[in-house]
């Protein structure tokens, strides 16, 4: 599956998760909103009765009869009969105050009582009480009736104030979002964390799929490249073997010797390639055993320079900058092969002439080896990944064909140096130079 379709599936999956979580949050919001509305519908008639009782208390001394009525008004039963009794008491007390004392309902005091009643159940909200007629039109009472409220509200059922049911009071809970979201705080936080976690898992899974797909392509390319690169020496060995077997070279000893040299060289080429792949496999499985000895560095660097001066098919200048007394506790064979890989890259990724500088310096507890060349360099965007297996730097350059190789050399260097307890890094500017820096502990 292409990267484009995987991204589309990822986006669709995230949208589906967000949609499901959104529906869940909306349903939860509606449930909490319904609970507030039910609590308000239950508490508001009681608040109307309490307000009427407070009015009577402020206008006359309480009688035994009044205590009895107040006790009935404070019943905590939520049945329909109890609600009817509360409505009856509200009408009774309000008509009593209007007819005897001509004192109408006090909306500010009703606001306070209803707000306190809701606060007892955990709902701290802004409340506006207002008088209405039977059609729901607001009756001005000289206070703040909340007629211009535009925010989301919860309205209580009307509580009538007279027997004719021409006047009533209702309460409006202004903008209940605050209390609802406070109650949903933990749920909202959990939802956000869950969405982020699912999004991370989906993205991580997509990255794994893309990486596996890329690895599959790289392995396929590696197989083709290996077969192509091995085909030439195998064909050469076969041709030379047939020529030697035929006996035609018996009369030409110099040519026969040259054929044997070619045979040995191609055989060594195949053997080195096999050893490199086997070494990387052992390093990945932590089964490589290093034989550590004290090794003088300058003679090893001079040996490598002499070898590649002869082997190089282009003019190559080698500069050795290493004090003669530097020694290192290391496996000479593997370190020499690692430096050989770096020199080989310098020869491959360079122009018609190349200058290679091999240097070494002692630092505190470490020996710093550097392989510098004035070749093509490595683009900055590729420098972070060139030590990965099957990864290669710039494989071609304008006017130059593809360079043979499998992308194993620098991975080999990285793994061998790491096994020795050291580090390897690169410092390069494309088109100017490339420098590999190896730091190995002296002990």
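Readers should treat all values here as calculations from the given coordinates under stated rules, not as data from a laboratory. Just so it is clear, the structure is predicted and the values come from calculations on it, not from any experiment. Heads up, the Cβs are rebuilt from the backbone with ideal geometry, glycines too, and the neighbour counts pull from every protein chain shown.
Brief remarks on what is shown
- Projected over all directions and averaged, the alpha-carbon convex hull of segment 306-375 occupies 5.0 nm².
- Neighbour-count ranking [beta-carbon atoms within 10 angstrom, fewest first] of 275, 126: 275, 126
- Relative counts (whole %) of C-alpha pair distances in segment 293-441, using bins that are 5 Å wide: 2, 9, 20, 24, 21, 14, 7, 2, 0
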